[in-house]
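Notes to accompany the following structure.
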Amino acid sequence: MAALVLRPFAVSDEAAARAAQDELAADDFMFLLEEFDPTEPWAAYLDRLSQRARGEDLPADRVPADLLAADVDGVLVGRSSIRHELNDWLLNYGGHIGYGVRPGFRRRGFATRILELSLRRAADLGIESALLTCDDGNVGSAAVIERCGGILENVVEGPPGEAPKRRYWIQTAPFRAGVACP
C-alpha cells in the first residue's frame, strides 16, 4: 500500500475536498468541519481551519482542533479531525478524533492508518487517553477502533434524532513510539 500521510488541507485540495463533502453527505457525514460554507472562498476556509488549530477566535461551543487531509500519493482519500480537548458534547458524543474515508477508497486499510496517525498526533498534543466514538451500528468503525486498542467504556443515547454512540478509550503513548494497529 502507498504511504498515507496526514497533512493540513491546501489550496490545491479544494476540488477533491468539495467532492468528498458531497460524497459523504449521502452517508450523513460531514467531511469538512460543520462550519464549512460552500459559498465561502476556499482560502478563507483554510484560514479559519488554521485559526481553529491555534485556538483563535473560537465560538463558545468549539475547541481547538486540527482538520487534516489523508493523502496517498497526492490523492485525497479521507480526513481526520483531532480535537485538542473535550467539551461536554465531545465527551458524550464526539470524542477527540473523528475520521472519514471517501467511499471509493474504503476497505483498503486507510481508516486504520488514519486512526494510527491521528493517535500519534493526539499523543503529541499531550492527550494520554483519547476518546473515540462511533454509532452503535457502525460495525466497520467499531472494528477499526478496537483493532487500534480501543476499550469500550459504554454505549450512550445519541443526541436527539441520532443513533446511540459507542464510547471507546485508547492510550496514545504506544502510537507516539511508532506502534501500528494490526
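Things worth noting here:
- With a simple spin-label model that places each label point 7 Å from the Cα along the Cα-to-Cβ direction, the separation between Trp89 and Ala25 comes to 2.0 nm.
- Residues of the chain: accessible area per residue with a 1.4 Å probe, Å²: 50 Å²
- Per-residue SASA entry for Asp57, accessible area with 1.4 Å probe, Å² rounded to 10: 130 Å²
- Apportionment of accessible area to carbon and sulfur, segment 1-83, percent (1.4 Å): 55 percent
- Solvent-accessible area of Ile127 with every protein chain in place, 1.4 Å probe, in Å² to the nearest 10: 10 Å²
- In plain terms, the chain from Arg106 to Asp124 could stretch by 3.8 nm, reckoned as 0.36 nm per residue minus the Cα-Cα distance.
- Seen from a random direction on average, the alpha-carbon convex hull of the chain projects onto 10.1 square nanometres.
- Measuring nothing but protein heavy atoms, the accessible surface of segment 120-166 at 1.4 Å probe radius is 48 percent carbon and sulfur.
The values are calculated or read from the model by the stated rules, or taken from the named source; none is laboratory data. All values reported here derive from a predicted model rather than from experimental measurement. Using ideal geometry, Cβ is built from the backbone for each residue, glycine included, and neighbour counts are taken over all protein chains shown. These area figures cover heavy atoms from the full protein model, side chains too; ligands, DNA and RNA do not enter into them. Shrake-Rupley method; radii C 1.70, N 1.55, O 1.52, S 1.80 Å.
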